[in-house]
Amino acid sequence: MSTKTTIAQPSLISDFKEITKMRLALSVVFSSVAGYLLGVDEVNYTTLLLLALGGYFMVGASNAYNQIIEKDLDALMDRTKNRPIPAGRMTVKTAFVIATVFTILGLSILYYINPQTAMFGAISIFLYTCAYTPLKTKTPIAVFVGAIPGAIPFMLGWVAATNDFGIEPGTLFALQFFWQFPHFWAIGWFLFNDYKKGGFFMLPTKKQDKGTAVQTIMYTIWTILISIVPVFGVTGKLKLSYVAATIVFGLGLFMLYYAIQLFKKMTEKAAKQLMLASVSYITLLQIIYVVDKFIR
């Protein structure tokens, strides 16, 4: 009996992680925490903990709803066919209960921080579930729509810290918004054939062609430019030192290098390298922004 329990328990935990996409949720929490630290004058650790929990619940709910809606399509793709619902390890009802409970908990916690934070959290889950998810099989514009909820976490932290939406969280939103295009197009490129099985249109031209590669470069350049705007003192309380701006610019050039390599090579390997570079870029950028604020 004890042997069976040992075997079953990890599977249950693993399925829970998968239905809520724990790694993705934690990366979103990281962005929210970074935004909070940038906006706050004095860290309130209770608010910080609530933001992390509320953010995790909201992302987990969005991912669970997404997997409910796409369960039949997930069964067609190699990267998703072993997810809990299409693999038959979790029922739609169980996933729906998890998603609903997470939504209620997430919104309640974020509302406790302040109403604006809850409002943006609600907008995020609505757009991700009701707009981005159904559009993925219809049009490449889905990536644009999905970039909106994807860009909210960084600015959400600032709103949680200040209970205000202005140029500062707007800049954080714009930065993460434009960053998502090269990031997700890189994913759409190296998973092109698998996405095709599910009927997903992730690339702007619907093809692994020069047009997609050029747009990837363009959006990478926009991301780099926005990332250094705070150094010019035009983004309110959101500031960046010349040293930090130089480092961030260098990171941007690192990402741009891989975007150009994708244009030159047009291979899945180049796309995967760009994806990894983009993840490193946004993570290090957020760390540099925060560190620069506290040592400036």
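The values are calculated or read from the model by the stated rules, or taken from the named source; none is laboratory data. Bear in mind the structure is a predicted one, so any value in this text is a computation, not a measurement. Note that each Cβ is placed from the backbone with ideal geometry, even for glycine, and that neighbours are counted across all protein chains shown. When the accessible area is computed, the model is the full protein with side chains, heavy atoms only, and any ligands, DNA or RNA have been set aside. Shrake-Rupley method; radii C 1.70, N 1.55, O 1.52, S 1.80 Å.
What accessible area per residue, rounded to a whole number of Å², is obtained for the chain using a probe radius of 1.4 Å?
It amounts to 47 Å² per residue over the chain.
Classify the stretch 97-227 as rounded, prolate or oblate, taking a ≥ b ≥ c as the square roots of the eigenvalues of its Cα gyration tensor: rounded when a/c is under 1.5, otherwise prolate if a/b is larger than b/c and oblate if not.
The shape class here is oblate.
Mind jotting down the distance between the C-alpha centroids of the stretch 207-233 and the stretch 33-106, whole Å?
29 Å
Looking at the stretch 192-244, which trypsin sites (Lys or Arg not before Pro) are in a loop (DSSP not H, G, I, E or B) and have at most 16 other Cβ atoms within 10 Å?
Taking the stretch 192-244 and a limit of 16 other Cβ atoms within 10 Å, the loop trypsin sites (Lys or Arg not before Pro) found are 206, 207, 237.
What FRET efficiency comes out for residue 209 versus residue 81 if R0 is 35 angstrom and r is the Cβ-Cβ distance? Round to the nearest 0.05.
0.80
Using the Cα centre of the stretch 21-85 as the reference point, and only Cβ charges (+1 on K/R, -1 on D/E), how large is the resulting charge dipole? Debye, rounded to the nearest 20.
300 debye
What does the charge add up to near residue 292, with Lys and Arg as +1, Asp and Glu as -1, over the other residues with Cβ less than 14 Å from its Cβ?
Charge balance near residue 292 sits at +4.
List the relative contact order of the chain as a percent without decimals, with contacts defined as Cα pairs under 8 Å and 6+ residues apart.
It rounds to 18 percent for the chain.
State the answer as a single residue: which of 85, 118, 52 lies farthest towards the positive end of the charge dipole of the stretch 46-134, with beta carbon charges of +1 for Lys and Arg and -1 for Asp and Glu, about the Cα centre.
My answer, from the dipole projection, is 85.
Based on Cβ point charges of +1 for Lys and Arg and -1 for Asp and Glu, what charge dipole magnitude is obtained for the stretch 70-120 about its Cα centre, in debye rounded to the nearest 20?
160 debye
Which helices, taking whole DSSP H runs in the chain, have alpha carbons extending 24 angstrom or more along the helix axis plus mean Kyte-Doolittle at least 0.5?
TM-like helix candidates: 22-39, 45-69, 92-113, 141-162, 167-190, 210-227, 242-265, 268-295.
Which of the pairs 17/71; 71/206; 136/197 have their Cα atoms more than 20 Å apart in this structure?
Long pairs (Cα-Cα over 20 Å): 71/206.
Among 187, 160, 231, which residue has its Cα furthest toward the positive end of the charge dipole of the stretch 160-296, with +1 on Lys/Arg Cβ and -1 on Asp/Glu Cβ?
187
Excluding residue 24 itself, calculate the net charge of residues whose Cβ lies under 11 Å from the Cβ of residue 24, where each Lys or Arg counts +1 and each Asp or Glu counts -1.
Taking every other residue near residue 24 into account, the sum is +2.
Could you let me know the centre-to-centre spacing of the stretch 239-296 and the stretch 108-146, using Cα atoms, in angstrom?
If you average the Cα positions of each part, the centres end up 26 Å apart.
In debye, nearest 20, what is the charge dipole magnitude of the chain about its Cα centre with +1 on Lys and Arg Cβ and -1 on Asp and Glu Cβ, if you could check?
900 debye
For residue 126 paired with residue 242, estimate the spin-label separation in nm (one decimal), with each label point 7 Å from Cα along the Cα-to-Cβ line.
Between residue 126 and residue 242, the label points sit 4.6 nm apart.
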